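The values are calculated or read from the model by the stated rules, or taken from the named source; none is laboratory data. In this text, all values refer to a predicted model and were calculated from it rather than measured experimentally. FYI the Cβ positions are ideal-geometry reconstructions off the backbone, even for glycines, and counts take in every protein chain you see.
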Ligand SMILES: C[S@@+](CC[C@H](N)C(=O)[O-])C[C@H]1O[C@@H](n2cnc3c(N)ncnc32)[C@H](O)[C@@H]1O
């Protein structure tokens, strides 16, 4: 039977923080969907102007706006609210970097976690197997939204990858499954002699071209369209797979690394970036939670441990393995094709 002392000894605070973490997430995603950051893109505004511009009732609005201030997504100066640098870049619908649609679709999908655990099935309408991307993204607009979400994630990796690996003797890098090429941008900017090839499905070419053109790097980045399971990968000294292996099951990862080994020259390197679970499956929950996200969005994908990554690389023939943390959310594992 439950006793008074058993509840006295248990603090509800940790559970309260976890159980209500979605309050903050909902406030941010709802603000993006309503267009708060879009209305504030050009100039700061007070509560009443925001209310009118968005056609809101008014009840709760002050708390909503001040909650956004305390969550770091708005600044307030007297009665005027303005976007922060982050919300202006990622949550303002008029920018090509808008990630609100991507965050909102992930948010809705996660309501289906129990169903995914019961059935083992992803909770979106992607096809299965190698066609899952082409079946989900059929229009350039759909690719644009998806890539904006990817860039929001790889924007946290690219600058770190530029520092964590010594690019000084690399002539060419190919970013395999590189979307619209955003990951290699900080690497190219820090290494003016380096050239990049971005390899992705042919349908991604239009969003690559508009992005590379906008960044002014079109002369140093080339797009090659193809299927990384069946086509030869581009010739380059370094091949990067960022947030690619975790989309697929073990056999598909083996194929990708075999293809990488075949196309690299002797002395070439493969760079794998993924969240990667700690070998003893402890540590921060990030990689485990993103692994569950892969359950929700792919038929066979998951995160994997660093030692599983090293084993896959060894099996494919790579040598000289090294691993480096890329911030707190990702790991880089490097493999060398022996001479
Ligand atoms: C999860 S995204 C990662 C994008 C990017 N590397 C990053 O770090 O943000 C996976 C990428 O793999 C690409 N992709 C999926 N299947 C592919 C295939 N069969 N051949 C080439 N690229 C593919 C997708 O179009 C997408 O750009």
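When the strands (runs of 3 or more DSSP E) confined to segment 209-298 are screened for residues that are within 27 Å of residue 338 (Cβ to Cβ), those reaching at least 2 such residues are found at 238-242, 269-274. Selection within segment 250-262: residues that are within 13 Å of the ligand (Cβ to nearest atom) and surrounded by fewer than 21 Cβ atoms within 10 Å (Cβ to Cβ). The member of this set that is nearest to the chain's Cα centre (by Cα) is 252. Looking at the structure I just gave you, is residue 94 surrounded by fewer than 16 Cβ atoms within 10 Å (Cβ to Cβ) and either at pLDDT below 95 or farther than 26 Å from residue 257 by Cβ (or both)? Considered against the rule, which asks whether it is surrounded by fewer than 16 Cβ atoms within 10 Å (Cβ to Cβ) and either at pLDDT below 95 or farther than 26 Å from residue 257 by Cβ (or both), residue 94 comes out as yes. Applying a threshold of 8 Å to beta carbon distances and a minimum spacing of six or more residues, or different chains, the list of pairs starting in segment 200-219 at a residue that is farther than 22 Å from residue 137 by Cα and ending at one that is part of a helix (DSSP H, G or I) and at pLDDT below 95 reads 218/212. Annotation note: of 148, 235, the sole residue that is within 11 Å of the ligand (Cβ to nearest atom) and either under 26 Å from residue 262 (Cβ atoms) or out of contact with any strand residue (DSSP E or B) (no Cβ under 6 Å at 6 or more places or on another chain) (or both) is 148. Here residue 62 qualifies as surrounded by 10 or more Cβ atoms within 10 Å (Cβ to Cβ) and part of a helix (DSSP H, G or I).
Scanning segment 239-249 for residues being farther than 19 Å from residue 295 by Cβ and either surrounded by fewer than 24 Cβ atoms within 10 Å (Cβ to Cβ) or within 11 Å of the ligand (Cβ to nearest atom) (or both) gives a total of 3.
Among the residues of segment 226-238, are any touching a residue at least 12 places away in the same chain (Cβ under 8 Å), exposed (fewer than 15 other Cβ atoms within 10 Å of the Cβ), assigned by TED's automatic domain parsing to the domain that holds residue 316 and under 20 Å from the mean Cα position of the chain (by Cα)? Looking through segment 226-238, none of the residues is touching a residue at least 12 places away in the same chain (Cβ under 8 Å), exposed (fewer than 15 other Cβ atoms within 10 Å of the Cβ), assigned by TED's automatic domain parsing to the domain that holds residue 316 and under 20 Å from the mean Cα position of the chain (by Cα).
In segment 165-205, of all residues being under 13 Å from residue 218 (Cα atoms) and within 12 Å of the ligand (Cβ to nearest atom), the one that is farthest from the chain's Cα centre (by Cα) corresponds to 205.
Pairs are defined by a Cβ separation below 7 Å, a sequence spacing of at least 6 or placement on different chains, a first member in segment 124-143 that is surrounded by fewer than 14 Cβ atoms within 10 Å (Cβ to Cβ), and a second member that is outside any loop (DSSP other than H, G, I, E, B) and at pLDDT below 80; the pairs so defined are 125/136; 127/135. Looking at this structure, is residue 55 on the phi < 0 side of the Ramachandran plot and surrounded by fewer than 17 Cβ atoms within 10 Å (Cβ to Cβ)? In short, no. Cβ separations smaller than 7 Å between residues 6+ apart or across chains give no pair from segment 3-20 residues that are closer than 30 Å to residue 286 by Cα to residues that are at pLDDT 90 or above. The number of residues in segment 158-172 that are within 15 Å of residue 189 (Cβ to Cβ) and outside any helix (DSSP H, G or I) comes to 4. Does segment 263-295 hold any residues that are away from the ligand (no atom under 15 Å from the Cβ), modelled with pLDDT of 95 or more and over 18 Å from residue 307 (Cβ atoms), and which are they? Result: 264, 265, 266, 267, 268, 269, 289, 292.
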